[in-house]
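Read through the structure below, which is laid out as structure tokens, and then see the notes.
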Number of protein chains: 2
Amino acid sequence: MKQYVPLEVPASEPRLSDGIEPCEGGICAVAGIRAAGVCANLRGDPQRRDLALVAANETCVCAGVFTQNRFCAAPVQVSREHVADGRARAIVLNSGNANASTGEPGLEVARKTAGLVAKELGCAEDQVLVGSTGVIGVPLSLDGFVTGVPAAVRELAHSTEAANNAARAVMTTDTVDKQSSYEIKITRADGSVTKAHVGGFVKGSGMIMPNMATMLCVLATDAPLDAEAAHKALLDAVQETFNKVTVDSDTSTNDTCVLFATGEAGGETICVGSPEYACVAAGIRAACEDLARKIAADGEGATKLVTVDVLGAATTEDAEKVARSIANSPLVKTAIFGHDANWGRVAAAAGKCGVDFDQYNVDIDLMGVPVLRAGLPLPMDEEDMLRRFEGPEVPIAISLGEGTSSARMWTCDLTHEYIVINGDYRT
Amino acid sequence: MKQYVPLEVPASEPRLSDGIEPCEGGICAVAGIRAAGVCANLRGDPQRRDLALVAANETCVCAGVFTQNRFCAAPVQVSREHVADGRARAIVLNSGNANASTGEPGLEVARKTAGLVAKELGCAEDQVLVGSTGVIGVPLSLDGFVTGVPAAVRELAHSTEAANNAARAVMTTDTVDKQSSYEIKITRADGSVTKAHVGGFVKGSGMIMPNMATMLCVLATDAPLDAEAAHKALLDAVQETFNKVTVDSDTSTNDTCVLFATGEAGGETICVGSPEYACVAAGIRAACEDLARKIAADGEGATKLVTVDVLGAATTEDAEKVARSIANSPLVKTAIFGHDANWGRVAAAAGKCGVDFDQYNVDIDLMGVPVLRAGLPLPMDEEDMLRRFEGPEVPIAISLGEGTSSARMWTCDLTHEYIVINGDYRT
């Protein structure tokens, strides 16, 4: 009987080089960063942390990327303005209310929240960014911030516990806090080594009851990036990681991802043209990829992390289109929930998205097992497939046989729990 | 308190004019058409009808539109060839096996099936079309057809019962058979009136266990259309009806929609330029729209038929993009299942799809109730909304305030039952 070789998919990300290693501390692994997460009673539960603050010791380089949704929340508008000059001191985040569709009063609350933080830290209001997640269309009161912000500033600390508190204060339907940190060894032109760090946390797991999926991500590095380098490294990383995650194809009015670069690792400033840039950018990408996978694995109701690799596409655009089509297919996602090695649904999802290919050139692997070659099914050992479904991850690989471009996307299965979480009445 | 007026959405389709009225008979309302549905034991249940046959009394004008999926089943390939000359005698359909991803042997079975029908009817093999729905990647045996086709030909009849049998033989996860028929009064240039009919049936309700969504639709009219007119009327109708239905955003390898035009209503041939064309095309569209709504209402696990109207778009393309984004949003669809008047999810789905608009120009109505005006929420009577959710239909209307283009899309809610149907293991 003919033996079929599995498709060669790229190695698991992050591709850690000698210079990049996981470390402890979350966002507080980064020199010059303090964090806090406090109970500000913003969501009607005085025992629940709902206000997070991350502050650099001094105003420093900062970059941000924000939702492309045409409905865009007040904090996004304010943060966009405040980060426009490439510098910031802090970001304050709340859960419980998204401050979206709240008009001019919402903008005022977001600005005043930034002002409260600025006053406590002794910086300008436009050096403070704001992020919100929770219900939309409900006015956000400043009240909780009036007491909550000073409390958060008092609790600011450079510790793993402080990082934990901040990461937990932004959780909504997330079932776990999602943090990541890496140590980066930057080899300088003169042979000396600068030890730098990148760390951060993210929230997001689908939509937020009662409204929409929000991703809030705060990252920091002590590598001495200039503003352009920070912006490029963040944008490139987000494009290859957070923008490649889909839980339910819905994107939010509030998505925000910011990167502070404190420079406290020392040494000469690193710009996009510096030889050291690639190493720092790889570290930032590693953290983003780690957090992106954690979002997919914690997708609302998810039982599996699903990685979709599309290979052999004519162009990267084609590869991404096919990957997105498979990762968003409810039929693929319910099949995985049902432990059904249903390659037919993968094929149909690939074929429906308008990308041109010949079905008789297509190969598909499920969980490392060749199931389709040249468009025709191979005999399948169903017992073996059921055993493979016991693991926490389901890799899907498809080769279109059209070229050499590829793309990767992360998602999760579609389960009863997703319907429970999102079909429940709001109140 | 300010009163808000609901958005003006187009009247419910089909917009029946004096000349177009529903009638009895399904596909057998059409003169010159006979139908049958028999048990051919193609799906391992000898008591279940699984083979349908629709035949014109003579070879006649025929048009077909087929799946755009790059994975395309054998019967689709064969039917495309056989209808290329714009004429056909019959179509034979089976449920239980999609004959997809079956390579050259699958093509041979599809051709031989057509050959069996041709032999019994006394016509050429290439005058017979083939449609299949069911599992993919499993060889389809000719055996069931060898006895089933002669049985179906023996049972061919011009009766409501025969139409019912054919419509039921193609059902898979459909919970009801879906048929439609209209009488069309065609007023001729000389003032005389020709009574014509259009009738048909469709199957489709999401994916077919264990594989994919398939829509098989057979339509017929006795209006004397020429081949070009039949093709244009069908294509235009499909574009505005079946192509505007989404159950789970997945499209199939087997989708097929054909229209026979027997000409038996009599009178001069109607071509695209004839003054009578519009009336016949409207009748065909009415039948397609009726069947399309029935597909959405019978979506897998559906409890509600959802109609999405997008108004005030800059272009039709924009309107369709927004309508599709809302209709495919799992968050919108689970909210409807949960009887949650969650306009925020509608807004977010509209905003995420890349269409440009100003959020402060957007109006939204849910079930006829204004809930958002100029981007800001209106007070909502939650009790009233819950009462409105008791009905079988949920209309959503959104105006973008950018122009005068509009689009309509039909879908259904996303429920536990969808997960049950599609998450069950195949065997």
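Within the stretch B:56-84, which residues are away from chain A (no Cβ under 14 Å), under 26 Å from A:G401 (Cβ atoms) and either in a strand (DSSP E or B) or without any contact (Cβ under 8 Å) to a residue 40 or more places away in the chain (or both)? Within the stretch B:56-84, just B:R80 meets the criteria. Among the candidates B:T246, B:T262, B:T269, the residue that is modelled with pLDDT of 95 or more, of a type outside the set (K, R) and either out of contact with any Asp or Glu (no Cβ under 7 Å at 6 or more places or on another chain) or surrounded by fewer than 21 Cβ atoms within 10 Å (Cβ to Cβ) (or both) is uniquely B:T269. If you go through the stretch B:52-103 and keep only what is more than 22 Å from A:S325 (Cβ to Cβ) and of a type in the set (K, R), you end up with B:R80, B:R87, B:R89.
Scanning the stretch B:358-370 for residues that are at the interface with chain A (Cβ under 9 Å from one of its Cβ atoms) and either outside any loop (DSSP other than H, G, I, E, B) or surrounded by 22 or more Cβ atoms within 10 Å (Cβ to Cβ) (or both) yields B:Q359, B:Y360, B:V362. Within the stretch A:90-97, identify whether any single residue is farther than 18 Å from A:R49 by Cα, in a strand (DSSP E or B) and more than 14 Å from every other protein chain (Cβ to nearest Cβ), and answer yes or no. Looking for residues that are farther than 18 Å from A:R49 by Cα, in a strand (DSSP E or B) and more than 14 Å from every other protein chain (Cβ to nearest Cβ), one finds at least one in the stretch A:90-97, hence yes.
If the condition is being out of contact with any helix residue (DSSP H, G or I) (no Cβ under 8 Å at 6 or more places or on another chain) and at pLDDT below 90, then the stretch A:344-375 contributes only A:G344.
Going by the conditions given, is B:V146 within 14 Å of chain A (Cβ to nearest Cβ), aliphatic (A, V, I, L, M) and more than 22 Å from B:G64 (Cβ to Cβ)?
Working: within 14 Å of chain A (Cβ to nearest Cβ): no; aliphatic (A, V, I, L, M): yes; more than 22 Å from B:G64 (Cβ to Cβ): yes.
Against the criterion (within 14 Å of chain A (Cβ to nearest Cβ), aliphatic (A, V, I, L, M) and more than 22 Å from B:G64 (Cβ to Cβ)), B:V146 does not qualify.
Of all the criteria given as (1) of a type in the set (K, R); (2) free of Cβ contacts under 8 Å to residues at least 60 places away in the same chain; (3) farther than 19 Å from A:D50 by Cα, the one not satisfied by A:R87 is (2).
Say whether the condition of being more than 8 Å from chain A (Cβ to nearest Cβ), of a type outside the set (K, R) and either in a loop (DSSP other than H, G, I, E, B) or surrounded by fewer than 23 Cβ atoms within 10 Å (Cβ to Cβ) (or both) is met by at least one residue in the stretch B:330-341. Before the answer, list the steps.
Step one: of the stretch B:330-341, the residues more than 8 Å from chain A (Cβ to nearest Cβ) are B:332-333, B:336, B:341.
Narrowing the set further to residues that are of a type outside the set (K, R) leaves B:332, B:336, B:341.
Subsequent filtering for residues that are either in a loop (DSSP other than H, G, I, E, B) or surrounded by fewer than 23 Cβ atoms within 10 Å (Cβ to Cβ) (or both) retains B:341.
So far as the stretch B:330-341 goes, yes, one or more of its residues are more than 8 Å from chain A (Cβ to nearest Cβ), of a type outside the set (K, R) and either in a loop (DSSP other than H, G, I, E, B) or surrounded by fewer than 23 Cβ atoms within 10 Å (Cβ to Cβ) (or both).
Just a yes or no: is a residue in the stretch A:107-126 buried (at least 24 other Cβ atoms within 10 Å of the Cβ), within 18 Å of A:A40 (Cα to Cα) and of a type outside the set (A, V, I, L, M)? Checking the stretch A:107-126: at least one residue is buried (at least 24 other Cβ atoms within 10 Å of the Cβ), within 18 Å of A:A40 (Cα to Cα) and of a type outside the set (A, V, I, L, M). A:E317 fulfils the conditions (1) over 25 Å from the mean Cα position of the chain (by Cα); (2) among the charged types (D, E, K, R); (3) more than 13 Å from chain B (Cβ to nearest Cβ) except for a single criterion, (1). For the stretch A:145-163, the criterion of a residue being small (G, A, S), under 30 Å from B:A335 (Cβ atoms) and buried (at least 24 other Cβ atoms within 10 Å of the Cβ) is satisfied by no position. Tell me the residue from A:T133, A:T113 that is out of contact with any His (no Cβ under 7 Å at 6 or more places or on another chain), within 14 Å of chain B (Cβ to nearest Cβ) and touching a residue at least 24 places away in the same chain (Cβ under 8 Å), please. Criteria check complete, one pass: A:T133. Filter the stretch A:386-427 for residues that are out of contact with any strand residue (DSSP E or B) (no Cβ under 7 Å at 6 or more places or on another chain) and small (G, A, S); which is farthest from the other protein chains (Cβ to nearest Cβ)? Step by step, filter the stretch A:386-427, then rank; the result is A:G391. Scanning the stretch B:21-58 for residues that are under 26 Å from B:A261 (Cα atoms), out of contact with any Phe, Trp or Tyr (no Cβ under 8 Å at 6 or more places or on another chain) and surrounded by fewer than 18 Cβ atoms within 10 Å (Cβ to Cβ) yields B:E24, B:N57, B:E58.
What residue, among those in the stretch A:175-208 that are of a type in the set (S, T, Y) and not in a strand (DSSP E or B), is modelled with the lowest pLDDT? Per the stated criteria, the residue is A:S205.
Within the bounds of the stretch A:43-55, is there any residue that is under 30 Å from A:V135 (Cβ atoms), touching a residue at least 24 places away in the same chain (Cβ under 8 Å) and of a type in the set (D, E)? Yes, the stretch A:43-55 contains a residue that is under 30 Å from A:V135 (Cβ atoms), touching a residue at least 24 places away in the same chain (Cβ under 8 Å) and of a type in the set (D, E).
Looking at (1) outside any loop (DSSP other than H, G, I, E, B); (2) touching a Ser or Thr at 6+ places or on another chain (Cβ under 7 Å); (3) within 13 Å of chain A (Cβ to nearest Cβ), find the lone condition where B:V346 falls short. All conditions are met except number (2). With the structure loaded, tell me whether B:D381 is farther than 30 Å from B:V30 by Cβ and either in contact with a Leu (Cβ under 7 Å, 6 or more places away or on another chain) or more than 14 Å from chain A (Cβ to nearest Cβ) (or both) or whether it fails that test. Considered against the rule, which asks whether it is farther than 30 Å from B:V30 by Cβ and either in contact with a Leu (Cβ under 7 Å, 6 or more places away or on another chain) or more than 14 Å from chain A (Cβ to nearest Cβ) (or both), B:D381 comes out as no. Tell me, yes or no, whether the stretch B:300-315 has at least one residue that is of a type in the set (A, V, I, L, M) and surrounded by fewer than 20 Cβ atoms within 10 Å (Cβ to Cβ). Yes, there is a match, as at least one residue in the stretch B:300-315 is of a type in the set (A, V, I, L, M) and surrounded by fewer than 20 Cβ atoms within 10 Å (Cβ to Cβ). Here A:V346 meets each of (1) free of Cβ contacts under 8 Å to residues at least 60 places away in the same chain; (2) touching a Lys or Arg at 6+ places or on another chain (Cβ under 6 Å); (3) aliphatic (A, V, I, L, M); (4) outside the structural domain of A:Q239 (by TED's automatic domain parsing) with one exception, condition (2).
Is it the case that A:D126 is assigned to a loop (DSSP other than H, G, I, E, B), of a type in the set (D, E, K, R), at pLDDT 95 or above and under 30 Å from A:A29 (Cα atoms)? It is false that A:D126 is assigned to a loop (DSSP other than H, G, I, E, B), of a type in the set (D, E, K, R), at pLDDT 95 or above and under 30 Å from A:A29 (Cα atoms).
Against the conditions (1) buried (at least 24 other Cβ atoms within 10 Å of the Cβ); (2) of a type in the set (V, I, T); (3) closer than 23 Å to A:L386 by Cα, A:V280 satisfies every one except (3).
Given the criteria in contact (Cβ under 8 Å) with a residue 12 or more places away in the chain and surrounded by fewer than 23 Cβ atoms within 10 Å (Cβ to Cβ), does A:L140 qualify?
Spelling it out, it is not the case that A:L140 is in contact (Cβ under 8 Å) with a residue 12 or more places away in the chain and surrounded by fewer than 23 Cβ atoms within 10 Å (Cβ to Cβ).
Against the numbered list (1) more than 16 Å from the chain's Cα centre (by Cα); (2) in contact (Cβ under 8 Å) with a residue 24 or more places away in the chain, A:L331 comes up short only at (2). For the stretch A:318-351, residues that are among the hydroxyl-bearing types (S, T, Y) and touching a Leu at 6+ places or on another chain (Cβ under 6 Å) total 1.
The values are calculated or read from the model by the stated rules, or taken from the named source; none is laboratory data. Just so we're clear, the structure is a prediction, and the values are computed from it rather than from any experiment. When we count neighbours, we look across all protein chains shown, and the Cβ atoms used for this are built from the backbone with ideal geometry, even at glycine.
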